[in-house]
Amino acid sequence: MSDLRETSFHTVEWTDDGVVMLDQRLLPTEEVYLVLKSSEEVADAIRKMVIRGAPAIGVAAAMGVALGAVRAVGLPADRFASRLEEVCSLMASTRPTAVNLFWAIERMRRVTRSASDQKPERIAARLVEEARAMRREDEEACRRMGRHGAALMPDSGNVLTHCNAGALATSGYGTALGVIRAAVEAGKKITVLADETRPFLQGARLTAWELARDNIPVTVITDNMAGHFMKKGEIGAVIVGADRIAANGDTANKIGTYSVAVLARENGIPFFVAAPLSTIDLKIPTGDHIPIEERDAREVTHIRDQRIAPDGVPAANPAFDVTPHRYISAIITEAGVARPPYTESLARLNGI
Ligand code: MRU
C-alpha cells in the first residue's frame, strides 16, 4: 500500500506573518507562495483565483476575517465590531457560487457574536483559532470522504475527473481526488483522465500537477475528448467536486461538468460527486436557485497573455453549470454516501 498521507505543499496556511497561499495562477510552471498581510489582499486573492476550489476559498475567507480582526485590535470596541462586519461583507463579495465561502463567513460571525462581551484582542484570538480549526477540519473531512468513497471506485482502469477537486482546492487531500487517493492507497490500480477544463485549465495545470507529484498515473485530455473515451469503454467512473449542492441533489460545479454527466449517463458510466457537508445548501430546494458566477471574458479570449480569439468578438464566461440530480449516482460526504432520493438522504446526512 502506498502512503499518500502527507502532501508536499500547502494550499493555505495561517502564520504570524499573514495568510500564506500557494499562487495557483502560476502552476504548474512556478511554485510561489504569497504572504497576504491584510483582509483586502486575501479578498483580492480569492477573486483572482490565487486560491480557488470551494472548500479552500471557505478557509481562505475565514482567515481573511481573522486577519481583519487582528489588524483592527487597536480600534475602540464599537469601531472594531463595525470593521469586522465590513471585512465579512468584503469576503462575501468575492465569489458568488461556492456556498462554503458563505458558510465559513457565517461561522466567523457566530464566533464574533458569542464573544461580543470580550475585548477586541480576545475576539481576534478566538477568530484566529476558529479559522485554523476550519482548516484542520476541512482536511479531516476530505480524508473521511476518501474512506467512504474508495469502495465506489473501480479496481483498475480509468477514472475521469473535471476541474481540480484536489488538495489544491481544499486544505489538503481533496474531495474527488481524495476519493481517488484513498482508492489508490487501498491498492486500486487507477489512472486518472483529467479534463483540461477550459477556460482556466484547472485540470491540465492543477489536477495533473498534484497527481503527478503523488505518483498517481494521470493523462490530460481536452474537454471534448471525454465522450470519445467513454464510447470506447475506456472510462469506468467519473468523479467530480462541487461548489454548491441544493437540497434535491442538483449540483453546481465547474462549467462543463453537466456535459460530462450527460455523456456518462448515455454511456452507462457511474457519475459521482464528492463534497463536504459545508457544500450542501439545504436552504435552496433546487439548482435553479444557485447563483452562477460570470467571469471576465478575457479568461476565454486569452491563454495567459496570448490572445486566441479575434479582437472585438465577445465571449461568454459562466464559471459553473448545474448538473440535475438525476444524473448523479451518489454524493460522497464525510458523513457517508447519499443515494437518490437526495432530498431525503442529504437531509439525513445533515442530521435533519
Ligand atoms: O473556479 P474554481 O476553480 O474555484 O472552481 C472549482 C470547482 O469547480 C471545483 O470542482 C469545486 O470547487 C470543488 S473543489 C473540492
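Side notes on the structure shown:
- Within the range 243-263, considering residues that are within 13 Å of the ligand (Cβ to nearest atom) and of a type in the set (Ser, Thr, Tyr), the one surrounded by the fewest Cβ atoms within 10 Å (Cβ to Cβ): Tyr258
- Residue within the range 286-306 that is touching a helix residue (DSSP H, G or I) at 6+ places or on another chain (Cβ under 7 Å) and either in a helix (DSSP H, G or I) or more than 16 Å from the ligand (Cβ to nearest atom) (or both) present: no
- Condition met for Ile221 (over 30 Å from Leu346 (Cα atoms) and in contact with a His (Cβ under 9 Å, 6 or more places away or on another chain)): yes
- Counted residues, the range 330-344 - those being surrounded by fewer than 21 Cβ atoms within 10 Å (Cβ to Cβ) and hydroxyl-bearing (Ser, Thr, Tyr): 1
- Applying the condition of being β-branched (Val, Ile, Thr) and part of a helix (DSSP H, G or I) to the range 54-105 and asking which residue is farthest from the ligand (Cβ to nearest atom) yields Val70.
- Just so you know, in the range 68-117 the residues that are in contact (Cβ under 8 Å) with a residue 24 or more places away in the chain and of a type in the set (Val, Ile, Thr) include one that is surrounded by the fewest Cβ atoms within 10 Å (Cβ to Cβ), and it is Val73.
- Scanning the range 143-171 for residues that are out of contact with any strand residue (DSSP E or B) (no Cβ under 8 Å at 6 or more places or on another chain) and more than 16 Å from the ligand (Cβ to nearest atom) yields a count of 3.
- Qualifying position, being at pLDDT 95 or above, touching an Asp or Glu at 6+ places or on another chain (Cβ under 6 Å) and away from the ligand (no atom under 16 Å from the Cβ), among Pro324, Pro310: Pro324
The values are calculated or read from the model by the stated rules, or taken from the named source; none is laboratory data. Being a predicted model, the structure only gives us computed values, none of them experimental. Neighbour counts are summed over all protein chains in view; Cβ atoms, including those assigned to glycine, are modelled from backbone coordinates with ideal geometry.
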